[in-house]
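**Q** The structure's right below; bear with me while I get my questions together.
The values are calculated or read from the model by the stated rules, or taken from the named source; none is laboratory data. Everything numeric in this text was worked out from a predicted model, so none of it was measured. Here the Cβ positions follow ideal geometry from the backbone for every residue, glycine too, while neighbour counts run over all protein chains shown. Ligands, DNA and RNA are stripped out before the accessible areas are found, and what is left, the full protein with its side chains, is counted by its heavy atoms. Shrake-Rupley method; radii C 1.70, N 1.55, O 1.52, S 1.80 Å.
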Amino acid sequence: MFFEEVQIKCPWKNSLKMWKLVVILSFMSAVNAAENINPSLINRNVERTVDLHSQLVKISGSITIENTGKQGVGSYLLGFEKDLQGFVSFVGVQDSQKNPLKTSPVTVAGRDSTEIFYNVQLRQNVESGKTTTILFEIVLSKALTPYPSSITQKDKQLVRYFGNHYFYSPYATRNQKTEILISSRSVENYSKLKPVSQTDSSIIYGPYENIGALSIDPLTVHYENNAPFLTVSKLERTIEVSHWGNIAVEESLEIKHTGAKLKGSFSRYDYQRDTSANHHSVRSYRTVLPPLAHSIYYRDMNGNISTSTVKSHKEYVELELKPRFPLFGGWQTSYILGYSIPSYPYLFKKPSGEFVLKVRLLDHVFDDMAVDELETHLVLPVGVSDVKIKAPYEVQHLHDGVAYKYLDYLGRIVIRAKKYNLVEQHIQDIEITYTWKTHMLLHEPVLVSLALFVIFLAVIIYVRLDFSIARQEHSKKE
């Protein structure tokens, strides 16, 4: 199930009762192509930039839309080639004033097969003969293929990108231009659909004119890319909220180097002698934590890892992590990172008495990160009820659980959410609204007091009772 807003009613009485979930489902509906693709729309001008500097493919640009029909149009379809649809991690669209536009995936049924497009709701209708401009951002993960797939310790890493010379669209395009940004001057080869030109850091294709709808012409770039190809195979986040003024965060990560695999044996001696900055192995990486993070720990199954450096900045805390060993292609590691933050920047109280919690469903792991699987557990305080959840994007809602911490006999609601294929653009806040009685703040102190009272009472009774079988006779003093 997917949810954007969930409401949980959980009255607390003598025991924890079951609660009901009201889930707003979002499905992709298959519609007829003739009804969904408006033939009166054309792409008057398209400018694309494909950034290939990191392990991610970042496609951005602008589209000038023209309405050649007689009626106003309020939506636009943004499409991808079938070969790239499995790599799409994030899609964002804005108007010319950089205001976000709502997008939703739809399945368009054609004559031979179906394709997935993103329906963009324009802020204003495009009237007959008028134009409007939208800005788009697309992030693809695992769209770069190491070639060769295995290299030695001293080799450079080469990758290939497969794309399309033309902007793939269900509408005809009058004029378009594409710029490919690469991270190295070392380019093995690239496709040459004229006009095309190359500089030290980019390849420019076009301008191309009068391109038909859904046109494809294969584009290939084979170049050197020694950026960290790190993928978080699985990330489990546990966020524990306390009304005593603290939020504890713990992350359990499994990270794998998904670049070209290491061929042959590893030589520590040669690795220490290699001082080159451009290397396909990963020695360390930077993690950004919230600005008020404290009590930071970094450990794995063997214990605490001391090779880390913490630097405090005004707007964030920079943590440099160094694994116990360098990561080459095919190698992987796992560790646990935890810290605490004050609750006042994230927990608010409404005039109605409800509390609002805004925390990140996903946080920064490293620059240009790719996360295959994320599972976040939100542990709410004891005694909450009427929980409402608003997610920033579609996530899979797992069955809620109950956690028991110190001195808990009621248990705490645990909201569990899962999502696949995430990037930095998914670092957004999830909003949780709930009702909580302030007298529950005395829950644990009262339990501690009662426990101490019982202990003291037992000690008093014990020292005053005589459990001996026979009395001791005392000699009289003469």
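**Q** From the set of residues in the stretch 89-101 that are open to solvent by 30 Å² or more (accessible area, probe 1.4 Å) and part of a strand (DSSP E or B), which is farthest from residue 393 (Cα to Cα)? Working first, answer last.
**A** Going residue by residue through the stretch 89-101, those that are open to solvent by 30 Å² or more (accessible area, probe 1.4 Å) are 90, 94, 96-100.
With the extra rule that they be part of a strand (DSSP E or B), the set shrinks to 90, 94, 100.
Working: 90: 10, 94: 16, 100: 13 Å.
In this case the residue turns out to be 94.
**Q** Further, regarding this structure: Might you let me know whether the stretch 384-399 holds any residue that is in contact with a Leu (Cβ under 6 Å, 6 or more places away or on another chain), buried (at least 21 other Cβ atoms within 10 Å of the Cβ) and over 25 Å from residue 102 (Cα atoms)? First the steps, then the outcome.
**A** Just the residues of the stretch 384-399 that are in contact with a Leu (Cβ under 6 Å, 6 or more places away or on another chain), to begin with: none.
Checking the stretch 384-399: not a single residue is in contact with a Leu (Cβ under 6 Å, 6 or more places away or on another chain), buried (at least 21 other Cβ atoms within 10 Å of the Cβ) and over 25 Å from residue 102 (Cα atoms).
**Q** Sort out which residues of the stretch 65-77 are more than 30 Å from the chain's Cα centre (by Cα) and open to solvent by less than 30 Å² (accessible area, probe 1.4 Å), and write them in order of number. Let's see the steps before the verdict.
**A** Residues of the stretch 65-77 more than 30 Å from the chain's Cα centre (by Cα): 65-74.
Matches in the stretch 65-77: 65, 67, 69, 73, 74.
**Q** I would also like to ask the following. Can you tell me which residue is farthest from residue 182 (Cα to Cα) among those in the stretch 102-157 that are of a type in the set (Asp, Glu), in contact (Cβ under 8 Å) with a residue 24 or more places away in the chain and open to solvent by 60 Å² or more (accessible area, probe 1.4 Å)? First the steps, then the outcome.
**A** The first filter runs over the stretch 102-157 and keeps only residues of a type in the set (Asp, Glu), leaving 112, 115, 127, 137, 155.
Pick out the ones that are also in contact (Cβ under 8 Å) with a residue 24 or more places away in the chain and you get 115, 127, 137, 155.
Narrowing the set further to residues that are open to solvent by 60 Å² or more (accessible area, probe 1.4 Å) leaves 127, 137, 155.
Details: 127: 39, 137: 18, 155: 19 Å.
Residue satisfying both the conditions and the ranking: 127.
**Q** Pick from 132, 145: which is under 16 Å from residue 78 (Cβ atoms) and in contact with a Lys or Arg (Cβ under 9 Å, 6 or more places away or on another chain)? It would help to see each step written out before you state the result.
**A** Numbers: 145 fails: under 16 Å from residue 78 (Cβ atoms).
After applying the criteria, what remains is 132.
**Q** In the stretch 297-308, what count of residues is obtained for those that are at pLDDT 90 or above and over 21 Å from the mean Cα position of the chain (by Cα)? Spell out how you get there, then give the answer.
**A** So in the stretch 297-308, the residues at pLDDT 90 or above come out as 297-299.
Add one more test, that the residue is over 21 Å from the mean Cα position of the chain (by Cα), and what stays is 297, 299.
So the answer is 2.
**Q** Let me ask something else. Is there any pair linking a residue in the stretch 305-316 that is within 19 Å of residue 336 (Cα to Cα) to one that is among the charged types (D, E, K, R) and not in a strand (DSSP E or B), with Cβ under 8 Å and at least six apart or on different chains, and which?
**A** Sorted first by the residue in the stretch 305-316, then by its partner, the pairs are 305/322; 305/324; 307/322; 307/324; 308/322.
**Q** Shifting gears a bit: Return only the number of the condition from (1) touching a residue at least 40 places away in the same chain (Cβ under 8 Å); (2) in a helix (DSSP H, G or I); (3) of a type in the set (Ser, Thr, Tyr) that residue 449 does not satisfy.
**A** For residue 449, the failing item is (1).
**Q** I've got another one for you. Could you give me the residue pairs with C-beta distances under 8 Å whose first residue belongs to the stretch 193-218 and is of a type in the set (Asp, Glu) and in a loop (DSSP other than H, G, I, E, B), whose second residue is open to solvent by 70 Å² or more (accessible area, probe 1.4 Å) and at pLDDT below 95 wherever it lies, and which are 6+ apart or on separate chains?
**A** Pairs that qualify, where the first residue is of a type in the set (Asp, Glu) and in a loop (DSSP other than H, G, I, E, B) and the partner is open to solvent by 70 Å² or more (accessible area, probe 1.4 Å) and at pLDDT below 95, are 200/185.
**Q** Exactly one condition in (1) open to solvent by less than 40 Å² (accessible area, probe 1.4 Å); (2) touching a Phe, Trp or Tyr at 6+ places or on another chain (Cβ under 8 Å) is not met by residue 218; state its number.
**A** Unmet condition: (1).
**Q** Within the stretch 164-190, which residues are of a type outside the set (Phe, Trp, Tyr) and within 28 Å of residue 263 (Cβ to Cβ)?
**A** Of the stretch 164-190, the ones of a type outside the set (Phe, Trp, Tyr) are 164-165, 169-170, 172-189.
182, 183, 184, 185, 186, 187, 188, 189 - these are the residues of the stretch 164-190 that are of a type outside the set (Phe, Trp, Tyr) and within 28 Å of residue 263 (Cβ to Cβ).
**Q** Is there a residue in the stretch 393-408 that is assigned to a helix (DSSP H, G or I) and under 18 Å from residue 251 (Cβ atoms)?
**A** Going through the stretch 393-408, the residues assigned to a helix (DSSP H, G or I) turn out to be none.
No - not one qualifying residue is present in the stretch 393-408.
**Q** Here's something else I'd like to know. Limited to the stretch 190-215, what total is found for residues that are on the phi > 0 side of the Ramachandran plot and exposed (fewer than 15 other Cβ atoms within 10 Å of the Cβ)? Before you say what the answer is, go through the steps one by one.
**A** The first filter runs over the stretch 190-215 and keeps only residues on the phi > 0 side of the Ramachandran plot, leaving 206, 210, 214.
If we keep only those that are exposed (fewer than 15 other Cβ atoms within 10 Å of the Cβ) as well, we get 210.
The qualifying residues number 1.
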